[in-house]
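The values are calculated or read from the model by the stated rules, or taken from the named source; none is laboratory data. The model shown is predicted, which means the values in this text are computed figures rather than measured ones. Note: ideal-geometry Cβ built from the backbone for every residue, glycine included; neighbour counts use all protein chains shown.
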Amino acid sequence: MNIDFLIPLLSMAFVLSIPVGLAAVGECICQRTGLLNLGVEGMMLMGALTAFLGAFYFDSSWIGVLTGVAGGVSLGILMGVLCISIKAEQVVSGIVVVLLSLGLTSYLYGSLFHVGTTPPRIEGLALLHIPLLSNIPVIGPILFQQTSLVYASLALIVLLSWMLERTSLGLALQAVGEKPEAGDAAGLSVDGLRWFGILISSAMAGLGGAVLIIAQLHLFADHITAGRGWIAIALVIFGRWKPLWVFAGALLFGVVDAIQLKIQVVAGGIDSAIPFELFQALPYVITMAVLVLSAMRARRNAQPSALGIPFIKGQKH
Amino acid sequence: MSTNLAPPVAAAAPPPATITRLLPRLKAIAISGIACAAALMLGGLLFKVSGVDPLAAYATMLEGAFGSWFAFAQVLTRTVPLLIIAVGLIAVFRANIWNIGAEGQFLIGALAGGFVAIEFPVESGWLSIPCAMLAGFAAGGCWGAIVGWLRAKWEVHEVITSLLLNFIAALVFSYLIRGPLRDPMGFLPQSKDVPAFSQLPFIPGLGTNIGLLVALALVALFAYLLSATPYGMKIRMIGSSASVARAVGVDPSRMTIELMVISGGLAGLAGVIQVLGVQYALLEGLSPGFGFTAIMVALLGRLHPVGALAAAVVLSAITVGGNAMQITHGIPASAVATLSALLVLFLLVSDHLAKRARGVEQ
């Protein structure tokens with residue numbers, strides 16, 4: 001087997017796994033606080049749009065990253081107000097956030113750039129070869145010849161995983177997800193910690209959208225995230241609410257996505273006789289399969305006990 | 001301008017029997033009215049930002065939806081798929097099962113029903129149309145059953161599975177109309193036309209097909225089924241507590257699958273009606289997001305079929321009027337999706353604020 005074929009494939013898989021990985025790890029932290037954020041797809045999409053606009057108008061990728069995060073957070077605040085401040089049902093709130101984002105992003109993009117013309121593009125980031133490491137055969141080109149944004153994202157994922165599993169803040173976050181009444185009695189602010197969770201989650205989803213645009217696609221189109229936010233939620237379940245396993249799931253998704261893209265290219269795109277739609281469906285089919293397998297293995301026992309239940313002080317659940 | 005849209009949504013509440021029952025209903029109606037006004041104002045602000053006078057935009061919207069019989073017929077035609085899907089969604093949502101896969105179930109139903117209608121061997125609409133509808137219901141029902149079965153058997157979250165299945169259904173649909181089902185004589189990637197005998201007849205004088213009657217019959221049936229039969233009671237029970245349901249002999253797993261078959265089946269039926277009554281072929285863009293708009297219809301209708309009827313007409317009118325707005329003022333069509341989502345959002349907020357206010361009173 002020729003390994004030269006595998007290196008660009010795995011390098012691409014690595015890049016493809018970052019947006020969904022960021023969103024999934026953020027979602028994981030949020031769910032550990034007991035808040036089921038189903039709005040990820042919407043936050044990612046909003047982040048993708050605002051990142052594109054930031055990078056386009058200010059001509060700077062890094063400003064794009066910031067505006068992308070801000071776009072995600074804006075919907076995170078909305079989700080927080082709905083689920084934490086007024087205790088609305090989390091599932092309905094999440095669906096509404098996604099629907100709002102689908103409409104709003106399309107509306108904003110459509111009013112700023114008139115449809116029918118060539119879609120405007122932004123400059124991407126240059127690849128950053130890490131000295132020495134990038135020269136390692138096989139591993140080097142896959143892991144150490146990426147954009148700086150990819151490295152920063154990876155660092156953030158590791159940092160947040162460590163925060164959740166190894167710090168007292170992480171412990172407090174987990175406590176309010178398992179036993180909010182007990183956490184409250186112990187003097188923790190359940191609402192405050194859940195706000196922290198949703199803000200982290202929305203920022204990560206927004207960043208994921210930003211990475212998708214700035215490191216990969218360089219343009220925006222309606223519903224460009226194409227379900228990655230939903231896949232991120234599936235990965236949280238697959239990773240059994242452990243952030244590093246969740247990210248491992250994202251890497252798996254990246255490999256599948258890279259393979260299907262490769263098949264499409266090899267098959268010759270739209271005009272090919274090979275049913276490329278069936279390969280396009282591959283990431284969704286595999287996500288379904290993985291989701292079912294992890295559910296079969298051991299039901300929901302790894303799930304935070306208070307997930308999805310609004311916390312109202314002094315009320316027994 | 002808000003008064004034009006508020007009453008139909010508020011009509012969600014069925015006629016109350018006594019004054020004591022009337023008062024909270026009136027309050028709910030008032031709250032819905034305020035929420036709608038707020039949503040319309042925020043929508044107006046959006047138009048303003050894009051440099052369009054909001055009042056003029058809304059006037060165009062009203063004119064575009066109700067200004068002529070032709071426009072109103074378009075509103076009715078659009079109401080049909082939304083309403084049929086929403087009625088099924090109301091049944092599952094009441095059971096606390098959040099099926100957001102109606103978009104996919106619609107497409108799968110349209111494929112099956114459309115295929116039956118196009119390839120039907122006997123030249124008789126009396127035979128082909130019911131067969132196509134049954135096939136569409138069955139196919140959509142099976143697509144929905146996957147979600148129900150996975151949730152009942154292994155507690156796989158239905159929101160995620162139903163959504164992922166949307167993408168898979170859309171790709172299957174797209175593959176089939178570009179490949180095996182493609183009309184070899186056609187220029188565009190679409191199926192052969194539905195033969196004339198299988199096309200749904202128009203209701204005389206209304207300018208819309210008989211799908212409207214099917215939709216209205218379903219509203220009546222489900223309004224009765226959900227509020228006046230033991231089955232409706234069972235649905236509410238598994239929605240509030242699975243353990244209570246089990247205690248009185250209701251099997252939540254079985255109900256979950258059944259309800260997903262009903263909900264998916266109705267979405268599939270809506271797909272067939274769209275093919276047989278509106279598009280007359282399987283083609284790209286068959287559903288401009290009906291499955292998602294129907295979620296908003298169900299929520300705006302407060303999970304009541306009659307409420308959904310009002311909400312479906314309102315959202316269809318916004319869409320048809322939105323097309324006029326797009327042509328006259330250059331406002332993107334997605335303004336409509338945004339406005340609908342804002343409506344749902346404000347209703348959600350006002351409902352919960354009202355609930356909390358009641359909690360404080362007690």
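Filtering region A:101-133 to residues that are buried (at least 17 other Cβ atoms within 10 Å of the Cβ), of a type outside the set (Phe, Trp, Tyr) and outside any loop (DSSP other than H, G, I, E, B) leaves A:Ser101, A:Leu102, A:Gly103, A:Leu104, A:Thr105, A:Ser106, A:Leu108, A:Gly110, A:Ser111.
Residues in region B:263-290 that are assigned to a helix (DSSP H, G or I) and surrounded by fewer than 23 Cβ atoms within 10 Å (Cβ to Cβ): B:Val278, B:Gln279. If you go through region A:237-284 and keep only what is part of a loop (DSSP other than H, G, I, E, B) and either closer than 14 Å to A:Gly26 by Cβ or in contact (Cβ under 8 Å) with a residue 24 or more places away in the chain (or both), you end up with A:Gly239, A:Arg240, A:Trp241, A:Lys242.
The residues in region B:116-133 that are over 14 Å from B:Gly277 (Cα atoms) and in contact (Cβ under 8 Å) with a residue 12 or more places away in the chain can be counted, and the count is 5.
Here A:Arg228 does not qualify as more than 14 Å from every other protein chain (Cβ to nearest Cβ), crowded, with 18+ Cβ neighbours inside 10 Å and either touching a Phe, Trp or Tyr at 6+ places or on another chain (Cβ under 6 Å) or of a type in the set (Lys, Arg) (or both). Taking region A:280-311 as the range and being at the interface with chain B (Cβ under 9 Å from one of its Cβ atoms), modelled with pLDDT under 85 and in contact with a Leu (Cβ under 9 Å, 6 or more places away or on another chain) as the test, the residues that pass are A:Ala295, A:Arg300.
Of the residues making up region A:89-108, those that are of a type in the set (A, V, I, L, M) and touching a residue at least 12 places away in the same chain (Cβ under 8 Å) are A:Val91, A:Ile95, A:Val96, A:Val97, A:Val98, A:Leu99, A:Leu100, A:Leu102, A:Leu104, A:Leu108. In this structure, does B:Ala310 turn out to be surrounded by fewer than 24 Cβ atoms within 10 Å (Cβ to Cβ), in a helix (DSSP H, G or I) and touching an Asp or Glu at 6+ places or on another chain (Cβ under 9 Å)? So B:Ala310 fails the test.
Taken over region B:172-226, the residue count meeting the criterion of being under 15 Å from B:Leu76 (Cα atoms), surrounded by 18 or more Cβ atoms within 10 Å (Cβ to Cβ) and either in contact with a Ser or Thr (Cβ under 9 Å, 6 or more places away or on another chain) or within 14 Å of another protein chain (Cβ to nearest Cβ) (or both) is 5. Among the residues of region B:297-307, those that are outside any loop (DSSP other than H, G, I, E, B), more than 8 Å from chain A (Cβ to nearest Cβ) and surrounded by 24 or more Cβ atoms within 10 Å (Cβ to Cβ) comprise B:Val297, B:Ala298, B:Leu300, B:Pro305, B:Gly307. Is at least one residue of region B:326-341 buried (at least 24 other Cβ atoms within 10 Å of the Cβ), more than 8 Å from every other protein chain (Cβ to nearest Cβ), touching a residue at least 12 places away in the same chain (Cβ under 8 Å) and among the aliphatic types (A, V, I, L, M)? For region B:326-341, residues buried (at least 24 other Cβ atoms within 10 Å of the Cβ), more than 8 Å from every other protein chain (Cβ to nearest Cβ), touching a residue at least 12 places away in the same chain (Cβ under 8 Å) and among the aliphatic types (A, V, I, L, M): absent. Taking (1) facing another protein chain (nearest Cβ under 7 Å); (2) surrounded by 22 or more Cβ atoms within 10 Å (Cβ to Cβ); (3) in contact with a Phe, Trp or Tyr (Cβ under 7 Å, 6 or more places away or on another chain) in turn, A:Val91 satisfies each apart from (2). Look at (1) among the hydrophobic types (A, V, I, L, M, F, W, C); (2) part of a helix (DSSP H, G or I); (3) away from chain B (no Cβ under 13 Å) and you find that A:Ala234 fails only one, number (3).
Residues that are farther than 18 Å from A:His218 by Cβ and either hydroxyl-bearing (Ser, Thr, Tyr) or without any contact (Cβ under 8 Å) to a residue 40 or more places away in the chain (or both) within region A:132-151 comprise A:Leu132, A:Leu133, A:Ser134, A:Asn135, A:Ile136, A:Pro137, A:Ile139, A:Gly140, A:Phe144, A:Tyr151, listed in sequence order. Mind checking whether some residue in region A:99-119 is within 20 Å of B:Asp351 (Cα to Cα) and either within 14 Å of chain B (Cβ to nearest Cβ) or not hydrophobic (A, V, I, L, M, F, W, C) (or both)? For region A:99-119, residues within 20 Å of B:Asp351 (Cα to Cα) and either within 14 Å of chain B (Cβ to nearest Cβ) or not hydrophobic (A, V, I, L, M, F, W, C) (or both): present.
Residue count for region B:147-171, restricted to those that are in contact (Cβ under 8 Å) with a residue 12 or more places away in the chain, within 9 Å of chain A (Cβ to nearest Cβ), over 21 Å from A:Pro275 (Cβ atoms) and buried (at least 20 other Cβ atoms within 10 Å of the Cβ): 3.
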